[in-house]
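Visitor: Just dropping this structure here.
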Amino acid sequence: MLKRGLVSVNGVVIRCADIKIHPEIDLITLNGEEISYKKHIYIMLNKPQGVVCSTRDGLSPTVLSLVPEHLQRKGLFPAGRLDKDTEGFVLITDDGELAHKMLAPKSHVPKKYYVELQDNYNDNYSSRFSEGIRLITGEQCLPAEFFKGETLSSCYVVLHEGMFHQVKKMFEALGNKVVFLKRIQIGGLELDKNLALGECLEIMHKNVEKLLQICDAD
Ligand code: URA
């Protein structure tokens with residue numbers, strides 16, 4: 001691209017790669033279009049089942065293998081984990097600071113899940129969630145929100161912490177079983193409804209701060 005004269009810096013066509021630029025001050029254009037400098041990248045993945053949330057795994061495909069080439073960068077990692085059989089919103093980024101803020105136990109960034117249950121839910125689920133469920137293993141969960149779904153065995157829950165297998169264990173404590181689980185929101189940012197399973201979308205900078213917000217309860 002340089003050799004073809006497609007790159008210019010502050011309006012001057014540049015043909016050699018060793019020129020020093022200041023990415024936050026200089027105006028770089030490629031083919032006449034401005035390229036803005038981004039310190040970090042934030043990717044929304046709609047994770048399918050069968051894919052693991054780690055940077056490497058000998059057996060199963062990892063979420064990183066689903067990141068298309070144009071979004072690949074050094075240092076990408078999944079910020080938070082979903083189980084292998086859970087679908088939905090995984091944030092992939094190279095921004096360790098944001099990931100830390102999002103995942104730190106005391107930050108309580110809400111995560112919203114769509115859940116299908118083996119048996120119909122009970123009328124007491126809403127109050128059990130809002131009181132804070134005690135898991136069978138003894139851990140006490142923070143108060144969470146339960147909302148009825150479109151059928152008697154589907155629902156939505158919002159958690160403010162992220163223990164291992166937490167949604168599954170909360171329903172286990174209520175004597176039920178999760179048969180399908182999908183994360184549909186992190187903080188104030190919803191999983192894009194047009195994003196197919198296995199696809200990635202770059203999160204625009206103006207939406208990044210929503211990842212740390214409180215989400216709407218509906
Ligand atoms: N809770 C679970 O049980 N599994 C997940 O993948 C996420 C939350």
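The values are calculated or read from the model by the stated rules, or taken from the named source; none is laboratory data. Since the structure is predicted, the reported quantities are computational estimates derived from the model, not experimental observations. Note that we place each Cβ from the backbone using ideal geometry, even for glycine, and neighbour counts take in every protein chain shown. Remember, those area values only see protein heavy atoms, side chains included, never the ligands or the DNA or RNA. Shrake-Rupley method; radii C 1.70, N 1.55, O 1.52, S 1.80 Å.
Visitor: Please go through the range 57-70 and pick out each residue that is at pLDDT below 95 and either touching a strand residue (DSSP E or B) at 6+ places or on another chain (Cβ under 7 Å) or within 16 Å of the ligand (Cβ to nearest atom) (or both).
Guide: Within the range 57-70, Asp57, Ser60 meet the criteria.
Visitor: Only one of (1) among the basic types (Lys, Arg); (2) more than 28 Å from Gly50 (Cβ to Cβ); (3) within 20 Å of the chain's Cα centre (by Cα) is not met by Lys112, so which one is it?
Guide: (2)
Visitor: Same structure, new question: Within 12 Å of the chain's Cα centre (by Cα), open to solvent by 20 Å² or more (accessible area, probe 1.4 Å) and not assigned by TED's automatic domain parsing to the domain that holds Leu152 - does that describe any residue in the range 31-46?
Guide: no
Visitor: Are there any pairs, at least 6 apart or on different chains, whose C-beta atoms fall under 9 Å, with the first in the range 161-189 and on the phi > 0 side of the Ramachandran plot and touching a residue at least 40 places away in the same chain (Cβ under 8 Å) and the second within 11 Å of the ligand (Cβ to nearest atom) and in a strand (DSSP E or B), and if so, which?
Guide: Gly187/Lys111
Visitor: Still on this structure, I have one more. Could you list all residues from the range 54-74 that are touching a residue at least 12 places away in the same chain (Cβ under 8 Å) and in a loop (DSSP other than H, G, I, E, B)?
Guide: Scanning the range 54-74 gives Ser54, Thr55, Ser60, Val67, Pro68, Arg73, Lys74.
Visitor: Continuing with this model, one more query. Looking at (1) of a type in the set (D, E, K, R); (2) assigned by TED's automatic domain parsing to the domain that holds Phe77; (3) over 30 Å from Gly80 (Cβ atoms), which is the one condition that is false for Asp18?
Guide: Among (1) of a type in the set (D, E, K, R); (2) assigned by TED's automatic domain parsing to the domain that holds Phe77; (3) over 30 Å from Gly80 (Cβ atoms), the lone unmet condition for Asp18 is (2).
Visitor: Of the numbered conditions (1) outside the structural domain of Met204 (by TED's automatic domain parsing); (2) in contact (Cβ under 8 Å) with a residue 24 or more places away in the chain; (3) open to solvent by 90 Å² or more (accessible area, probe 1.4 Å); (4) not charged (D, E, K, R), Gln49 fails exactly one; give the number of that condition.
Guide: Looking at each condition in turn, Gln49 falls short on (1).
Visitor: Working carefully through the options Lys206, Lys177, find the one that is more than 14 Å from Tyr121 (Cβ to Cβ) and among the charged types (D, E, K, R).
Guide: After ruling out the rest, the residue left standing is Lys206.
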